[in-house]
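Notes to accompany the following structure.
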Amino acid sequence: MSDPKNPFEAMMARMQEQAQEMAKALNPALESFSPKGFEALWPTMPKEVMEMMFGNTVNKDGLDAKTRLLLTLAGLTMQGAQADSAVRQTVRHALEAGAKKQEIVETIGQMSVFAGIPAMNRALDLAQEAMDDKRDDET
């Protein structure tokens, strides 16, 4: 066998090629579709809306929106940070809800003990992307 890929990698590469061919056949514009660009269509909710929907408005003694979003981020990290869009959106919403960059990093870092270093690194990379995007929006 001259192909250095294992059978799974070869199968995944072929499936990706087929998906790109199908997208090009259906609509040539889909060939360059980016899920990250699609995220821009989902606005970040204002802090007050998040408090009303997810915070302690309904449950006065419950968790605030920031804490709930940090817990969500921890859960996404525990899943291996596989859902890129969900991690980035959760980070953006957590920032809007008042979370500091340090709190986001600590939340992800804490999950390294349970989810492993690769999951933590992936989540940190995605969080950094979201925080960089947020900084670009502010300028």
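The values are calculated or read from the model by the stated rules, or taken from the named source; none is laboratory data. Here the structure is a predicted model, which is why all the values come from computation and not from measurement. Neighbour counts are summed over all protein chains in view; Cβ atoms, including those assigned to glycine, are modelled from backbone coordinates with ideal geometry.
Side notes on the structure shown:
- Looking only at region 10-59, and only at residues there that are more than 24 Å from the chain's Cα centre (by Cα) and among the charged types (D, E, K, R), the one that is modelled with the lowest pLDDT: Lys24
- Candidates are the residues of region 56-96 that are free of Cβ contacts under 8 Å to residues at least 40 places away in the same chain and of a type in the set (Gly, Ala, Ser); the one that is farthest from Asn121 (Cα to Cα) is Gly62.
- Test: residue in region 92-100 that is among the basic types (Lys, Arg) and either over 11 Å from the mean Cα position of the chain (by Cα) or not in a helix (DSSP H, G or I) (or both): yes
- From Ile108, Ile104, Ile117, residue being free of Cβ contacts under 8 Å to residues at least 60 places away in the same chain, in the same structural domain as Asp64 (by TED's automatic domain parsing) and within 22 Å of Val49 (Cα to Cα): Ile104
- Hits in region 123-132 (condition: within 12 Å of Thr77 (Cα to Cα) and either out of contact with any Asp or Glu (no Cβ under 9 Å at 6 or more places or on another chain) or free of Cβ contacts under 8 Å to residues at least 40 places away in the same chain (or both)): Ala123, Leu124, Asp125, Ala127
Here's the yes/no breakdown for (1) within 15 Å of Lys66 (Cα to Cα); (2) among the aliphatic types (A, V, I, L, M):
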residue: Ser85; (1), (2): no, no
residue: Gln89; (1), (2): yes, no
residue: Arg92; (1), (2): yes, no
residue: Ala99; (1), (2): yes, yes
residue: Val105; (1), (2): yes, yes
residue: Ile108; (1), (2): yes, yes
residue: Ala123; (1), (2): no, yes
residue: Leu126; (1), (2): no, yes
